[in-house]
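A.B. asks: The structure's right below; bear with me while I get my questions together.
The values are calculated or read from the model by the stated rules, or taken from the named source; none is laboratory data. Everything numeric in this text was worked out from a predicted model, so none of it was measured. Quick reminder, even Gly has a Cβ in these numbers, built from the backbone with ideal geometry, and neighbours come from all protein chains shown.
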Ligand SMILES: CC(C)(COP(=O)(O)OP(=O)(O)OC[C@H]1O[C@@H](n2cnc3c(N)ncnc32)[C@H](O)[C@@H]1OP(=O)(O)O)[C@@H](O)C(=O)NCCC(=O)NCCS
């Protein structure tokens, strides 16, 4: 695993996070978030973000989640293409789950053909609990989302 530290992000990081989000999701069907969208999401009740910063100081991945009464949601998680398969997403997820999952079920949506992300979530014992047809994409080029959930009371150590 590369040396990265995890830091909490605020609205001041909305612009660089939007650039990173766009780079990460191209060419996936999930819509990249603009700086304005990033600000709107970070201002949602219960929303917060964490970013992975390697030694060179340039953010290499981030996770934005939302905490509600008895549930938490991963709104986005992404890692720069050049930094993948080095454990950055695992580190971000571990950090988020350590904070939220003791008392909460954690849910997320992911495109049905997003093999890397589904592999990641499988490894953290997320399970499919639903499906949203034609959830991502535009026009005729649409992809289903699956809904995955992780319940801390069902985790096998
Ligand atoms: C999905 C994503 C966040 C993974 O980030 P990452 O830092 O490369 O992931 P990690 O290195 O922490 O990988 C952890 C595990 O996830 C799984 N995984 C990650 N990439 C994978 C791939 N390309 N194929 C299969 N499994 C993969 C593996 O189980 C991996 O463990 P391993 O390397 O020991 O086999 C990254 O590929 C990404 O940003 N993708 C585009 C955005 C996206 O799809 N976000 C999720 C939307 S819900």
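A.B. asks: How many of the residues making up segment 107-155 are more than 16 Å from the ligand (Cβ to nearest atom) and more than 21 Å from residue 47 (Cα to Cα)?
C.D. replies: Of the residues in segment 107-155, 10 are more than 16 Å from the ligand (Cβ to nearest atom) and more than 21 Å from residue 47 (Cα to Cα).
A.B. asks: While we're looking at this one, here's another question. When you scan segment 20-32, how many residues do you find that are under 14 Å from residue 80 (Cα atoms) and either buried (at least 16 other Cβ atoms within 10 Å of the Cβ) or touching a residue at least 24 places away in the same chain (Cβ under 8 Å) (or both)? Write out each step before concluding.
C.D. replies: Residues of segment 20-32 under 14 Å from residue 80 (Cα atoms): 20-28, 32.
So of that shortlist, the ones also either buried (at least 16 other Cβ atoms within 10 Å of the Cβ) or touching a residue at least 24 places away in the same chain (Cβ under 8 Å) (or both) come out as 20-21, 23-25, 28, 32.
Within segment 20-32, residues that are under 14 Å from residue 80 (Cα atoms) and either buried (at least 16 other Cβ atoms within 10 Å of the Cβ) or touching a residue at least 24 places away in the same chain (Cβ under 8 Å) (or both) number 7.
A.B. asks: Follow-up. How many residues does segment 33-55 hold that are surrounded by fewer than 18 Cβ atoms within 10 Å (Cβ to Cβ), part of a loop (DSSP other than H, G, I, E, B) and in contact with a helix residue (DSSP H, G or I) (Cβ under 9 Å, 6 or more places away or on another chain)?
C.D. replies: 2
A.B. asks: Could you say whether any residue in segment 79-102 is near the ligand (Cβ under 6 Å from one of its atoms), assigned to a strand (DSSP E or B) and either touching a residue at least 12 places away in the same chain (Cβ under 8 Å) or within 30 Å of residue 141 (Cβ to Cβ) (or both)?
C.D. replies: Of the residues in segment 79-102, the ones near the ligand (Cβ under 6 Å from one of its atoms) are 79, 84-90.
From the residues that got through so far, the ones that are assigned to a strand (DSSP E or B) too are 79.
Now restrict to residues that are either touching a residue at least 12 places away in the same chain (Cβ under 8 Å) or within 30 Å of residue 141 (Cβ to Cβ) (or both): 79.
Looking for residues that are near the ligand (Cβ under 6 Å from one of its atoms), assigned to a strand (DSSP E or B) and either touching a residue at least 12 places away in the same chain (Cβ under 8 Å) or within 30 Å of residue 141 (Cβ to Cβ) (or both), one finds at least one in segment 79-102, hence yes.
A.B. asks: A follow-up question, please. Within segment 24-47, which residues are under 14 Å from the mean Cα position of the chain (by Cα) and at pLDDT 95 or above?
C.D. replies: 38, 41, 42, 47
A.B. asks: While we're looking at this one, here's another question. Does residue 145 satisfy the criteria of being at negative phi and either over 16 Å from the mean Cα position of the chain (by Cα) or not in a strand (DSSP E or B) (or both)? If you could, list the steps in order and put the result at the bottom.
C.D. replies: On the way: at negative phi: yes; either over 16 Å from the mean Cα position of the chain (by Cα) or not in a strand (DSSP E or B) (or both): no.
It is false that residue 145 is at negative phi and either over 16 Å from the mean Cα position of the chain (by Cα) or not in a strand (DSSP E or B) (or both).
A.B. asks: Would you say residue 59 is under 19 Å from residue 23 (Cα atoms) and either modelled with pLDDT under 95 or more than 9 Å from the ligand (Cβ to nearest atom) (or both)? Show your work before the answer.
C.D. replies: Details: under 19 Å from residue 23 (Cα atoms): yes; either modelled with pLDDT under 95 or more than 9 Å from the ligand (Cβ to nearest atom) (or both): yes.
For residue 59, the condition - under 19 Å from residue 23 (Cα atoms) and either modelled with pLDDT under 95 or more than 9 Å from the ligand (Cβ to nearest atom) (or both) - is met.
A.B. asks: For segment 131-153, which residues satisfy the criterion of being over 19 Å from residue 75 (Cα atoms) and loosely packed, with under 12 Cβ neighbours inside 10 Å?
C.D. replies: Of everything in segment 131-153, those that are over 19 Å from residue 75 (Cα atoms) and loosely packed, with under 12 Cβ neighbours inside 10 Å turn out to be 138, 139, 140, 141, 153.
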